[in-house]
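The values are calculated or read from the model by the stated rules, or taken from the named source; none is laboratory data. Keep in mind it's a predicted model, so treat the numbers as computed, not measured. Quick reminder, even Gly has a Cβ in these numbers, built from the backbone with ideal geometry, and neighbours come from all protein chains shown. Each accessible area value is taken on the protein alone, full model and side chains, heavy atoms only, with ligands, DNA and RNA left out. Shrake-Rupley method; radii C 1.70, N 1.55, O 1.52, S 1.80 Å.
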2 protein chains.
Amino acid sequence: MANKKNGLLLVMLLIGIVARSQNPQGVVAATNIRNAKYPLILPDHRVVFSIRAPDARRVEIDLGKKYDLVKDAAGNWSATTDSIGEGFHYYTLFIDGVAVADPASESFYGMGRMASGIEIPFKGGDYYALKDVPHGEISIKHYYSAVTGSWRNLYIYTPPGYGQSSNQKYPVLYILHGGGEDERGWAMQGKADLILDNLIAEKKAKPMLVVMPDANMPVAGFGEQGLKAFEQEMESTIMPFVDKNYNTENTAKSRALAGLSMGGINTLYTGLYHTNLFSYLGVFSSGWIVPAQNELANAQYQFLASNGKKVNDDLRVLFVSDGDKDDIAYRNCKAMLAKFDLLKINYTYYEYPGGHTWPVWRNDLLHFAPLLFR
Amino acid sequence: MANKKNGLLLVMLLIGIVARSQNPQGVVAATNIRNAKYPLILPDHRVVFSIRAPDARRVEIDLGKKYDLVKDAAGNWSATTDSIGEGFHYYTLFIDGVAVADPASESFYGMGRMASGIEIPFKGGDYYALKDVPHGEISIKHYYSAVTGSWRNLYIYTPPGYGQSSNQKYPVLYILHGGGEDERGWAMQGKADLILDNLIAEKKAKPMLVVMPDANMPVAGFGEQGLKAFEQEMESTIMPFVDKNYNTENTAKSRALAGLSMGGINTLYTGLYHTNLFSYLGVFSSGWIVPAQNELANAQYQFLASNGKKVNDDLRVLFVSDGDKDDIAYRNCKAMLAKFDLLKINYTYYEYPGGHTWPVWRNDLLHFAPLLFR
């Protein structure tokens, strides 16, 4: 192709790129679908929503707080929210009372359905930015579970350079989503791959595999049947599958288990009773739910009363974290930690403001991963 | 754990599984989100939709044909569709005129947004069933494009056993989505991994990599600028990235390019002019759009008039297919093939009923992949 043509093309491309990103008022969210002009994020992180719905009678956006949109003469509904905090937030569009995903947004499995999410840029977000460092990859694996009698998916992160030498073995972090989410949560909402890529590039974390299973079982999640079913799934299916198909170190010392919210409870159930399998545990925005899980909690405290020394000796890190007082899990977590103190169970506590949300959990991974496999 | 407890758990699990799949009227769609009871597929492939929307005035489902749902006293709207054809179909829920994704369904990037899709089971669907054969995997790769000046994603399928020997090199099929779709199309809607897993298991296709790029460029897709931009993206970025990071054979004889609809036009533009790079081309439900693309079409026919022998010699397979007369690309495709006949360009034509839809394109891949790299 002639150089002149190349030059023209470059100009056309640049025009296209500038047109997409330039807006005197703000920037379109990175989570918007291609070419969607709204939601638009203002410099002070208020967000403008605009939805065409001439025949609707009420349009709302729920971002934790609900906003009523206002209709103009052309049938466009709009609203500007309060300033929204850093990072990823689920949100819901209501059209005449029906909760749906915003057609202008990418969708993320959360809240038990494909939900909208908005990514609010912020200065401290460099740790999950996609930048020029060596990148690992996330792969989608199908496996057959004898526990559920069905095919299931897991997502797995392999670090940069994985597979280049068949002799190199890797430690494994198993990390679990929350209620209403699935194996995609840490990959998509969590940006676990980018967090690890960046930590590994800065030598702040060891190269590791990160396995993101589907912790939803046919029986519901918070009762003992659900917890037990997932424990079985991990031990009899997921861990053997990973150790068979990947170059893993395959020892307790090189195995971590963590989870957020419901996944934190799975971690307490599958992890604290099996310190022979996991030397590192991470419990993010979680803790036994009282009084609903009193029996489960008391059984665990009783176990720890008898086995505290072994648990302390086995575990190199028990990392417990919360999104401060706005976190719905805060009180349960604190109550559990008071029990741990009484029982002399060693743990590390970390708090980051933001409530029960993904910005907190991304930050938890940022602080947990560097502690692993040292 | 005691055996008695194990037994009880098994019973609980079985009850859960049976409860989910058993319905005297029909089966819930595999594309439904977890626990959604509708859409429900009846034995004759009519589909029952049911949406709770007490405050809406009109609720419709668009599956190519639009269906008005009817409201009952409790505020639930429902309708039963005509019998729907095999496989995957996009659909839209309208709430008081606003087109949204059905919250009961998984979402798929298509129609330029996250859209609902429904998977209709059918007897011939075994070729994309998830079954007990060796499975490859799909990985999500980030790469930096100097063409767009941005980070982009591609999905890549690696076949079973890939990476076990660093000496084994693989041929590569590059396969492109249609307009309004992206790199996820062939992975999610297309089930390209399962089609290849099953073909490879039956030794009907050679083990190959399947690269699924994002063919959307900042300039729109159907004009020459968009086509040229994607050609540049392929040649200067995607192909070097794949050859650098994977064990590829890296010759024209071991490289194929295919695409559906808009991706078919990209294939005509990037492929037919570069038979030094690709020995196999697949053009699914496509063809130059006349009269809009007259200039592009005539330029290509002129090129073929001068270079027909070279193109015929270089290409081992030029596979052109259509979804029969219901396919919106049918006339354009036939007009192009008449030109190919006139210019004595060799090709293989394949037709499968179903119009301009994913069941046709899955079937195209089923018939194209076995022809490759022989």
> What is the spin-label model distance, in nm, from B:A335 to B:N298 if the labels are put 7 Å beyond Cα along the C-beta direction?
Replying inline: 1.3
> Which far-off residues, 5 or more places away or on another chain, put their amide H under 5 Å from the one on A:S286, with H placed in the peptide plane?
Replying inline: A:S261, A:S321
> How many nm separate the modelled label positions at A:Y144 and A:K169, each set 7 Å beyond the Cα in the direction of the Cβ?
Replying inline: 2.8
> Expressed as an acute angle from 0 to 90° and rounded to the nearest 10, what is the orientation of the C-alpha long axis of helix A:3-21 relative to the principal long axis of chain A?
Replying inline: 70
>> I need the phi-derived Karplus couplings for the range B:239-247: 6.51 cos²θ - 1.76 cosθ + 1.60, θ = phi - 60°, integer Hz, Gly and Pro marked x.
In response: 4, x, 4, 5, 5, 6, 9, 10, 7
> Can you list, shortest first in nanometers, how far B:K66 lies from the same residue in the other copies, with each label 7 Å from Cα toward Cβ?
Replying inline: 2.9
>> Taking A:K37 in one copy and the same position in all the others, each labelled 7 Å out along Cα→Cβ, what are the pairwise distances from the first, in nm, shortest first?
In response: 4.3
> From the phi of every residue in the range A:194-201, what ³J(HN,Hα) in whole Hz does the Karplus formula 6.51 cos²θ - 1.76 cosθ + 1.60 yield, where θ is phi - 60° and glycine or proline is x?
Replying inline: 6, 4, 5, 3, 5, 5, 5, 4
>> Report D for the range B:271-328 in µm² per second (integer): Stokes-Einstein, Kirkwood Rh on Cα pairs, 20 °C, 1.002 mPa s.
In response: 171
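So what is the relative contact order of the range A:26-74, in percent, for Cα pairs below 8 Å that sit 6 or more residues apart?
Working: 45 pairs, mean separation 10.2, N = 49.
Rounded, it is 21 percent for the range A:26-74.
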> For the pairing of chain A with chain B, what total accessible surface becomes buried, with a 1.4 angstrom probe, in square angstrom to the nearest 100?
Replying inline: 5100
>> Just the number please: accessible area per residue for chain B, 1.4 Å probe, all protein chains included, in Å².
In response: 41
> Roughly speaking, what is the centre-to-centre gap between the range B:148-182 and the range B:333-349 when only Cα atoms are used, to the nearest Å?
Replying inline: 30
>> Along the Cα→Cβ direction, 7 angstrom out, place labels at B:Q25 and B:K204. What is the inter-label distance in nm?
In response: 3.6
> Using heavy-atom solvent-accessible surface (probe 1.4 Å) with all chains present, what is the largest-first order of A:S50, B:S145, B:S306?
Replying inline: B:S306, A:S50, B:S145
> What dipole magnitude, in Debye to the nearest 20, does the protein assembly as shown give about its Cα centre under +1 on Lys/Arg Cβ and -1 on Asp/Glu Cβ?
Replying inline: 1000
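Considering every Cα-Cα pair within the protein assembly as shown, what fraction, in whole percent, is farther apart than 42 Å? Please list the in-between numbers first.
On the way: 86311 of 279378 pairs.
Cα-Cα pairs in the protein assembly as shown separated by more than 42 Å: 31 percent.
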> Any idea which of A:I175, A:G223, A:L196 is furthest toward the positive side of the dipole for chain A, if Lys and Arg beta-carbons carry +1 and Asp and Glu beta-carbons -1?
Replying inline: A:L196
> What residues from the range B:35-70 fall in the zone where the backbone N is under 19 Å from a label point 7 Å along the Cα-to-C-beta line of A:K71?
Replying inline: B:53-60
>> Compute the distance from the alpha-carbon center of the range B:33-72 to that of the range A:90-138, in whole Å.
In response: 27
> In terms of modelled amide H atoms, which long-range or inter-chain residues lie less than 5 Å from the amide H of A:Y91?
Replying inline: A:S116, A:G117, A:I118
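In whole percent, and with a 1.4 Å probe on the protein chains, what portion of the accessible area of the range A:67-118 is carbon and sulfur? Please list the in-between numbers first.
Values: 860 of 1570 Å².
The C+S portion of the solvent-accessible surface of the range A:67-118 is 55 percent.
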> Over chain A, what is the mean sequence separation of C-alpha contacts under 8 Å (at least six apart), divided by residue count, expressed as relative contact order in percent?
Replying inline: 12
>> Please report, for A:E295, the nm distances (one decimal) from its label point, 7 Å out from Cα along the beta-carbon direction, to the equivalent points in the remaining copies, shortest first.
In response: 7.5
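What does DSSP give for the protein assembly as shown in terms of the percent of beta bridges that are antiparallel, rounded to the nearest 5? Intermediate values should be presented prior to the final figure.
Working: 91 of 137 bridges.
Bridges in the protein assembly as shown are about 65 percent antiparallel.
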> What is the P(r) of chain B, as percent of Cα-Cα pairs per 10 Å bin from 0?
Replying inline: 5, 22, 29, 23, 14, 5, 1, 0
> Relative to the longest principal Cα axis of chain B, at what angle does helix B:294-314 sit, 0 to 90 degrees, rounded to 10?
Replying inline: 70
>> I'd like the projected area of the range A:30-121, averaged over all directions, using the convex hull of its alpha carbons. Report it in nm² with one decimal.
In response: 5.7
> Can you list the residues, at least 5 places off or on another chain, whose amide H is less than 5 Å from the amide H of A:R52, using H built in the peptide plane?
Replying inline: A:W77
>> In whole Hz and in residue order, list the ³J(HN,Hα) couplings for the range A:68-74 that follow from phi through the Karplus curve 6.51 cos²θ - 1.76 cosθ + 1.60, θ = phi - 60°; x for Gly and Pro.
In response: 7, 7, 10, 8, 9, 5, 8
> Which whole number gives the average, over all residues in A:141-152, of C-beta atoms from other chains lying within 10 Å of the residue C-beta?
Replying inline: 3
